[in-house]
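The values are calculated or read from the model by the stated rules, or taken from the named source; none is laboratory data. Quantities reported herein were computed from a predicted structural model and do not represent experimental measurements. Quick reminder, even Gly has a Cβ in these numbers, built from the backbone with ideal geometry, and neighbours come from all protein chains shown.
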Amino acid sequence: MSVLLFGVSHRSAPVGVLERLAVAEHDRPKIVDRLLAASAISEAMVVSTCNRIEIYAVVDAFHPALEAVGDVLGEHSGLTINEMTAHAYVRYSEAAAEHLFTVAAGLDSLVVGEQQILGQIRGAYASADAHRTAGRVLHELAQQALRVGKRVHSETGIDRAGASVVSVALHRARGVLAAAGTDLRRGVVLGAGAMGGLSAVHLAREGITELTIVNRSVEKAQRLADNVAANHPGVTAVGVGLSDLPAAMAGTDVMMTCSGSVGSVVSVAEVHHALAARTATTPLVICDLGLPRNVDPAAGRLPGVELIDIEGLRGDEETQAAEGDLLGARAIVAAELADYLAAQRRAEVTPTVTALRQRANEVVEAEIMRLESRLPSLSDAERDEVAHSVRRVVDKLLHAPTVRVKQLAATANGDQYAEALRELFELRPGAAESVSVPDAEASRLPDPAPPQDGRQ
């Protein structure tokens, strides 16, 4: 069994494609259940953030599993296989593990070093665990990835580049306001989820005095507002419903949108009405951090509006971490990947060692029975002593090769030593199959190009 990764991220696709592929939290169990309906997939986990959609699946056959993933995502998004593969990346076996560790470290984020991705991976893993779609392989992979992320953030300064996309967007917004001769005093946050909370905290730290949280649930909006006000005494915060959004826009300097709703929440007409009601002459800065986008992109073309979105943040020099921290983070990822792969190889050889010891026990028991039939005059004590001696000899003979094969299994091509044991001791074919590793050629497959019929 190996891990297959099918992903699309800000590095490989435009925002429009990411929007169509985005998986909302309430849709995640449905997507995973459909994946597990495929006979080639035994475990699955979906990581869906504002910058990426990645499916990690434990599979026993590469191509059938890849086709199943494509079918599920195609039905979910309405994209064809060709449209998806034009922007997707596929990783298999060791490469899939390396990618997840790199993502957890913040090395693949829009803002290099941001820590939010670690919480998002934790959430994806928790969802898979709660719905029992993660087995041994994904449990070990996800837990190791979370350890990698923690190590990188505790042992390097990679997160100095910026806590998240939120911080970079806010810095850009403050620059727009400064150019217009004003400062950031009033803020609006659309959405009371994790991104909304992060945005609210960042705005409070920026020194705003008035904060409005807008959410479909007024209760959740007010809860977040109360929390911000309690921790930042200089901020007056209030939570309101969606019907109050136009008025909130009219009286703010910057609005952060990070709602998990599918489709635009803020229309061009609503922004236009807000502009008409504004008394301030400074621009209305909107930071759209939602995926799918929360604000109709056409709103950015209205006079007096500055729209900052995920697309516009790409390539921002502030999203890059210091070179030394990058090198340190990559070194941690490489070391942790080596440890993970070594542990996986050791686990793969365990059934062979178990089969060998079982075979030895069967031989010992057969020989003891043969001895009892030939020497029926032996006392019980004598038979026990003979049996104990034979077992002790066999254990001593097997100890060195079984310990050594586990050590060698952690090295490159370590599966060959397990295969040698199976051949030398004529172990049962079932034992050999239980520890067989992914086909060597398949594990080196490049990202597959779709056949002429358009299917993978």
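So the values come out like this:
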quantity: Test: residue in segment 191-208 that is touching a residue at least 12 places away in the same chain (Cβ under 8 Å), among the hydrophobic types (A, V, I, L, M, F, W, C) and surrounded by fewer than 17 Cβ atoms within 10 Å (Cβ to Cβ); calculated: yes
quantity: Search result, residues across segment 1-39 that are within 24 Å of Val265 (Cα to Cα) and in a loop (DSSP other than H, G, I, E, B); calculated: His10, Ala13, Pro14, Ala22, Val23, Ala24
quantity: Sole exception among (1) over 18 Å from Leu110 (Cα atoms); (2) touching a helix residue (DSSP H, G or I) at 6+ places or on another chain (Cβ under 7 Å) for Thr182, by number; calculated: (2)
quantity: Qualifying residue in segment 228-243 (condition: within 28 Å of the chain's Cα centre (by Cα) and of a type in the set (Gly, Ala, Ser)); calculated: no
quantity: Residue in segment 116-125 that is crowded, with 24+ Cβ neighbours inside 10 Å, closer than 26 Å to Ile332 by Cβ and not small (Gly, Ala, Ser) present; calculated: yes
quantity: Condition broken by Pro233, with the remaining ones in (1) surrounded by fewer than 18 Cβ atoms within 10 Å (Cβ to Cβ); (2) of a type outside the set (Gly, Ala, Ser); (3) touching a residue at least 12 places away in the same chain (Cβ under 8 Å); (4) part of a loop (DSSP other than H, G, I, E, B) satisfied; calculated: (3)
quantity: Single condition Ala329 does not satisfy, out of (1) loosely packed, with under 14 Cβ neighbours inside 10 Å; (2) not assigned by TED's automatic domain parsing to the domain that holds Val405; calculated: (1)
quantity: Pick from segment 348-363, criterion surrounded by 16 or more Cβ atoms within 10 Å (Cβ to Cβ) and among the aliphatic types (A, V, I, L, M), ranking: farthest from Gln416 (Cα to Cα); calculated: Ala360
quantity: Residue list for segment 48-68, restricted to those being closer than 18 Å to Ser12 by Cα and either among the β-branched types (Val, Ile, Thr) or more than 21 Å from the chain's Cα centre (by Cα) (or both); calculated: Thr49, Ile53, Ile55
quantity: Residue check, Ala130 surrounded by fewer than 20 Cβ atoms within 10 Å (Cβ to Cβ), among the hydrophobic types (A, V, I, L, M, F, W, C) and assigned by TED's automatic domain parsing to the domain that holds Pro29; calculated: yes
quantity: Of residues in segment 142-166 being buried (at least 23 other Cβ atoms within 10 Å of the Cβ) and over 10 Å from Ala104 (Cβ atoms), the one modelled with the lowest pLDDT; calculated: Gly162
quantity: Test result for His153, under 21 Å from the mean Cα position of the chain (by Cα) and part of a helix (DSSP H, G or I); calculated: yes
quantity: Positions within segment 366-392 being in contact with a helix residue (DSSP H, G or I) (Cβ under 9 Å, 6 or more places away or on another chain) and either assigned to a helix (DSSP H, G or I) or surrounded by fewer than 10 Cβ atoms within 10 Å (Cβ to Cβ) (or both), in sequence order; calculated: Glu367, Ile368, Leu371, Glu372, Arg383, Val386, Ala387, Val390, Arg391
quantity: Residue within segment 181-200 that is more than 33 Å from the chain's Cα centre (by Cα), assigned to a strand (DSSP E or B) and polar (S, T, N, Q) present; calculated: no
quantity: Pair list, Cβ < 7 Å and 6+ apart or interchain, from segment 359-388 residues that are among the β-branched types (Val, Ile, Thr) to residues that are surrounded by 10 or more Cβ atoms within 10 Å (Cβ to Cβ); calculated: Val364/Val390; Val364/Arg391; Val364/Val394; Ile368/Ala387; Ile368/Val390; Val386/Leu371
quantity: Filter result for Gly290 (touching a residue at least 40 places away in the same chain (Cβ under 8 Å) and buried (at least 21 other Cβ atoms within 10 Å of the Cβ)); calculated: yes
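To keep it simple, each residue is scored yes or no on (1) of a type outside the set (A, V, I, L, M, F, W, C); (2) in a helix (DSSP H, G or I).
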{"position": "Leu66", "(1), (2)": "no, yes"}
{"position": "Ser109", "(1), (2)": "yes, no"}
{"position": "Val112", "(1), (2)": "no, no"}
{"position": "Ile121", "(1), (2)": "no, yes"}
{"position": "Ala134", "(1), (2)": "no, no"}
